[in-house]
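J.: First the structure, then my questions, so here it is.
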Amino acid sequence: MSGIISIEGGVPLQGRIRVEGAKNACLPIMAASLLCAGEVTLREIPALEDVFNMCKVLEALGAKTKYDAAQKKLIINSEGPLQTEAPYELVRKMRASFLVIGPLLARIGRARVSLPGGCAIGIRPIDLHLKGLKAMGAEVIIGHGFIETVSNRLCGERIYLDFPSVGATENIMMAAALAEGITVIENAAEEPEVVDLARFINSMGGRVSGAGTDTIRIHGVSSLNCTDYTIIPDRIEAGTFMLSAAITGGEVTVENVIPTHLTPLLAKLREAGCQVVEEEGLIHISRTGPIRAVDIKTLPYPGFPTDLQSPMMALLTYAKGTSVITETVFENRFMHVDELRRMGAQIKIESNCAVVSGREKLYGAPVKATDLRAGAALVLAGLAAQGRTDVSAIYHIDRGYSNFTEKLASLGAKIKRIEQPW
Ligand code: EPZ
């Protein structure tokens, strides 16, 4: 089913919204459940297309999954026997499927996974994932669109990441959890989702230390046990809702957040003229005055998150003055610019910089989502635009936001989802 999200702009959002569990913590943790020859229970699991797809990948590998949407609980049993091949069709659809390669290699010594395709935001290479697995002794064969990795016993190694890749850090950490000896990942990603994965592995009896810093040490163990684990809140969903309050000049309280995970966004919202009050597990965000232009530079954590670049750009299209947005993480993450221009935004792209000249008003228009965060950005722009905005290709949004229209409607937005049968 395809569909559109239709928005009548101009309503300042008001109220409280509770943030779900983090998609980008949930997906690697689901992959890591393959490390345990038993049952794990995961809590605060959001009802997302990417979660359902990852369940299909795990089931194709021989695991059993059971999701209870009401309780947001997912039970995964990877007792086995496990298959070695993740199906092409599923991996092709979702890059995060590639995260099964590390745990499969660690658990059964073999993994055959299709090369994850690139996507709208970049070619998305996997050289750093493979550098780590090879360093630990895996033999890697690439051919016919597949990657085959084989290893009798992975051995701990010191691995330097040329870029602090989140996925490479996670794949290597999972492989190292059952390897012989100690693995040290240098220039590791420091994202909160990487820390959550480390905590999950440790809750199964793993020995991971240093997660959240640029150096992570993993002592391999012989096996990992069952666990019951609650994942962290989604800082990107939280940031998206905060930006929906900022862009409409409303007043919203976001619940189930960890403010320290959002430091760069909180700073930029304050610089842009918003009032931001942090409490334990809560953030109150409001804006009464004009939006001020601010410069943004995306960086690996703890820098400004690339996943909030497009939603932040939506806000800045309404700012008084000119903002410069520099995207340093992905090479092509400005696909939403053309769509914002259709709404009247004034944006010039120079290499990896977008120069945004703020406008008093944007105007509703039919626009198309190009990735999940771009889709969210277009909805945000529509919330403040004059007239009606129809966002298509909303399957992108469903990958990373559950009940997105219902949640915004609960804050007063005039928004609805129109399914189209074709
Ligand atoms: C994770 O993707 C997130 N996805 C992305 O969120 C997020 O944007 C990204 O990290 C950066 O924070 C999940 O966690 C499922 P990377 P990942 O490896 O792991 C280059 C969303 O919207 N690179 O840190 O794929 C790569 O090309 C999604 O929720 C290599 O060069 O990101 C990119 O330029 C989008 N070689 C940069 O690193 C490699 O082997 C960051 O990629 C791997 C990556």
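J.: Quick one: what are the phi-derived ³J(HN,Hα) couplings along region 14-20, Karplus 6.51/-1.76/1.60 with θ = phi - 60°, whole Hz, x for glycine and proline?
T.: In residue order, the calculated couplings are 9, x, 10, 9, 9, 7, 7 Hz.
J.: Can you figure out the FRET efficiency of GLU279 with GLU89, using R₀ = 51 Å and their beta-carbon distance, to the nearest 0.05?
T.: 0.65
J.: Starting at 0 and stepping by 5 Å, how many percent of the alpha carbon pairs of region 157-205 end up in each bin?
T.: Per 5 Å bin, starting at 0, the Cα pair percentages come out as 5, 21, 32, 27, 12, 2.
J.: May I ask for the net charge around THR322, where only other residues with Cβ less than 10 Å from the Cβ of THR322 are counted and Lys, Arg are +1 while Asp, Glu are -1?
T.: Here the count lands on +1.
J.: A follow-up question, please. For region 321-422, state which GluC sites (Glu not before Pro) are in a DSSP loop and have at most 16 other beta carbons lying within 10 Å of their beta carbon.
T.: Qualifying residues, ordered by number: GLU331, GLU360.
J.: While we're here: Just to confirm the filter: which trypsin sites (Lys or Arg not before Pro) across region 281-358 are DSSP coil and have at most 16 other Cβ within 10 angstrom of their Cβ? Let's see the in-between values first.
T.: Values: sites: ARG287, ARG292, LYS297, LYS320, ARG333, ARG341, ARG342, LYS348; in loops: ARG287, ARG333.
Hits after loop and neighbour filter: nothing returned.
J.: If you put +1 on each Lys and Arg Cβ and -1 on each Asp and Glu Cβ, how big is the dipole of region 21-96 around its Cα centre, in Debye rounded to 20?
T.: Numbers: 10 positive and 9 negative charges, 39 e Å.
My answer is approximately 180 debye.
J.: So how tilted is helix 23-32 from the main axis of the chain? Cα-based, degrees 0 to 90, rounded to 10.
T.: Tilt relative to the chain: about 10 degrees.
J.: Quick one: which residues, 5+ away or cross-chain, put their amide H under 5 Å from the amide H of TYR229? H built at 1.01 Å from N.
T.: Correct list: THR41, LEU42, ARG43.
J.: With θ set to phi - 60°, apply the Karplus curve 6.51 cos²θ - 1.76 cosθ + 1.60 along region 277-282 and write out the HN-Hα couplings as whole Hz, x wherever there is a Gly or Pro.
T.: So the Karplus estimates, Gly and Pro as x, are 10, 9, 10, 4, x, 9 Hz.
J.: Rg and Dmax of region 255-294 over Cα atoms: what are they, in angstrom?
T.: Expressed in Å, the Cα Rg and Dmax of region 255-294 come to 10.3, 29.
J.: Counting Lys +1, Arg +1, Asp -1, Glu -1, what net charge surrounds VAL276 among other residues with beta carbon under 13 Å of its beta carbon? Let's see the in-between values first.
T.: Details: positive: LYS268, ARG270, ARG287; negative: GLU251, GLU271, GLU278, GLU279.
Its environment carries a net charge of -1.
J.: Expressed in nm to one decimal, what extension gain is obtained for the pair ASP127 and SER410 from 0.36 nm per residue of sequence separation less their Cα-Cα distance?
T.: Stretched fully, the ASP127-SER410 segment lengthens by 97.5 nm.
J.: Taking the DSSP beta bridges in the chain as the whole, what percent of them are antiparallel, to the nearest 5?
T.: Approximately 70 percent, going by the DSSP bridge assignments.
J.: Let me check against my output: what whole-number percent is the relative contact order of the chain, with C-alpha pairs under 8 Å and at least 6 apart?
T.: 21 percent
J.: With +1 assigned to the C-beta of every Lys and Arg and -1 to the C-beta of every Asp and Glu, and no other charges, what is the dipole magnitude of region 260-351 about the Cα centre in debye, to the nearest 20?
T.: 400 debye
J.: Note down the Stokes-Einstein diffusion coefficient of region 374-422 in µm²/s, whole number, using a Kirkwood radius over alpha carbon pairs, 4 °C, and 1.567 mPa s.
T.: 114 µm²/s
J.: Here is a follow-up. I need the Kirkwood Rh of region 114-166: take the reciprocal of the average 1/r across all distinct C-alpha pairs and report it in angstrom.
T.: This gives a value of 12.4 Å.
J.: Binning at 10 angstrom from zero up to the longest distance, how are the C-alpha pair distances of region 1-110 distributed in percent?
T.: Binned Cα distances yield the sequence 13, 41, 26, 12, 6, 1.
J.: Treating the Cα atoms of region 25-176 as identical point scatterers in vacuum, please give the log10 of the normalised Debye intensity I(q)/I(0) at q = 0.17 Å⁻¹, two decimals.
T.: At q = 0.17 Å⁻¹ the computed log10 ratios are -0.94.
J.: From the residues ALA32, LEU58, ALA385, which one has its Cα farthest along the dipole of the chain in the positive direction, the dipole being from +1 and -1 charges on Cβ of Lys/Arg and Asp/Glu about the Cα centre?
T.: So the residue we want is ALA385.
J.: Sequence gap of 8 or more, or different chains, plus Cα separation below 25 Å: how many lysine pairs satisfy both in region 266-422?
T.: The result is 20.
J.: Can you give the Rg and Dmax of region 281-415 based on its C-alpha atoms, in angstrom?
T.: 14.3, 39
J.: Note the full-extension length gain between GLU360 and ALA47 as 0.36 nm times their separation in residues minus their Cα-Cα distance, in nm to one decimal. Walk me through the numbers on the way to the answer.
T.: Values: separation 313, 0.36 × 313 = 112.68 nm, distance 3.67 nm.
Between GLU360 and ALA47, full extension yields an extra 109.0 nm.
J.: Using only Cα atoms, locate the centre of region 154-223 and the centre of region 254-295, then give the distance between them in Å, rounded to an integer.
T.: First find each Cα centre; the distance between them is then 32 Å.
J.: Pull up the cross-link candidates among the lysines for LYS64, meaning alpha carbon to alpha carbon under 24 Å and not fewer than 8 places away within one chain.
T.: LYS23, LYS56, LYS72, LYS73, LYS93
J.: Which value in deg cm²/dmol, rounded to the nearest 500, describes the helix-derived mean residue ellipticity at 222 nm for the chain, given -39,500 (n - 2.57) per DSSP H run of n ≥ 4 and division by the residue count?
T.: -9000 deg cm²/dmol
J.: Still on this structure, please answer the following. In whole angstrom, and with the biggest value first, how far do the Cα coordinates of the chain range along each principal axis?
T.: On the principal axes, the chain reaches 63, 45, 40 Å in Cα extent.
J.: Counting Lys and Arg as +1 and Asp and Glu as -1, each charge on the Cβ, what is the dipole of region 220-290 about the Cα centre in debye, to the nearest 20? The partial results should precede the final answer.
T.: Details: 4 positive and 9 negative charges, 64 e Å.
The calculation lands at about 300 debye.
J.: Here is a follow-up. Using only Cα atoms, what is the ratio of the radius of gyration of region 145-228 to 2.2 N^0.38 Å?
T.: 1.04
J.: Net charge around PRO116, counting only other residues with Cβ within less than 10 Å of its Cβ (Lys, Arg = +1; Asp, Glu = -1)?
T.: +4
J.: Where both partners of a DSSP beta bridge lie in region 195-295, what percent of those bridges are antiparallel, to the nearest 5?
T.: Working: 13 of 14 bridges.
Just about 95 percent of them are antiparallel.
J.: Which GluC sites (Glu not before Pro) in region 1-83 pass both tests, a DSSP loop state and at most 14 other beta-carbon atoms within 10 Å?
T.: Passing both the DSSP loop test and the Cβ count: GLU79.
Just so you know, all these numbers are worked out from the coordinates, no wet-lab data involved. Values in this document were obtained by computation on a predicted structure and should not be read as measured data. Reconstructed Cβ throughout: ideal geometry from the backbone, glycine too, with neighbour counts over all protein chains shown.
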